[in-house]
Amino acid sequence: MKVVVGALLAALISVPVFAQKTAADRLTAATEDLNAMMNASDKGVPQDLLSKASCVVVIPNLKKGGFIVGAEYGKGFFTCRKTSGVGWSAPGSIRISGGKFGLLIGGAETDVIMLVMNPSGMDHLLSDKFQLGGEASAAAGPVGRDASAMTDAELHAEILTYSRSKGLFGGLDLGGAAVTEDKDSNRELYGSELSNKDILNNAPHIPPAAKPFVHTLDRLSSRK
């Protein structure tokens, strides 16, 4: 019993340590993830869905691990299309966390991309906190060159989720995970207290560290 309790505490205590990179480091990783996941041949994010998305979220190196109780923790960024429909906004910062019971032995790093498909999903994204599969409907997105094989659930979901696992875990379940605003990373990027809603509505200049991230989306996507 002591061994089990010790392992459980170690899993839970280690979760905050997962996010010690700087915002600039995470933006570089997020840009690399965008390129890799969009260029994954027949297994990438469908181009037509990216072109229709209202916002894009990238969480590089989401951590998942534990023994008996699993934990997920990661930090990332989102950007939304400008009101003109051309180009993408300066990015806001978010964090994702969650846990569920289950036999989860080991650990993994997973790169996550979420496509926010409609204004309702965008409203959730700009709130202080929301739950995937709760307040915001979410579904695992289809992969391939186009979205012709979308199911009804995918078609009506506010948020479509994609992942690329690097570790030993097979698959990723984001249902029930909480997405919250990352105020510390916003302060690090912009040098002042800005909420995600402030960033989107007031259109601040894109920080130098974020320009490759935004420019990559400009290159990869277009409105249809």
Problem - From the options 7, 23, 19, residue that is at pLDDT below 50 and under 17 Å from the mean Cα position of the chain (by Cα) - result: 19
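In the stretch 189-224, what residues are among the polar types (S, T, N, Q) and either over 24 Å from residue 51 (Cα atoms) or in contact (Cβ under 8 Å) with a residue 60 or more places away in the chain (or both)?
Taking the stretch 189-224 and keeping what is among the polar types (S, T, N, Q), we get 192, 195-196, 201-202, 216, 221-222.
Within the stretch 189-224, 192, 195, 196, 216, 221, 222 qualify.
Would you mind listing the strands (runs of 3 or more DSSP E) fully within the stretch 122-173 where at least 2 residues are within 23 Å of residue 34 (Cα to Cα) and at pLDDT below 80? Talk me through it step by step, then tell me what you get.
Details: elements: 129-131, 138-140, 159-165.
Passing ranges, in order: 138-140, 159-165.
Return yes or no: is residue 220 modelled with pLDDT under 90 and touching a helix residue (DSSP H, G or I) at 6+ places or on another chain (Cβ under 8 Å)?
On the way: modelled with pLDDT under 90: yes; touching a helix residue (DSSP H, G or I) at 6+ places or on another chain (Cβ under 8 Å): yes.
So residue 220 passes the test.
The values are calculated or read from the model by the stated rules, or taken from the named source; none is laboratory data. Owing to the predicted nature of the structure, the values given are computational and were not obtained by experimental measurement. No Cβ is skipped: glycine too gets one built from the backbone with ideal geometry, and neighbour counts run over all protein chains shown.
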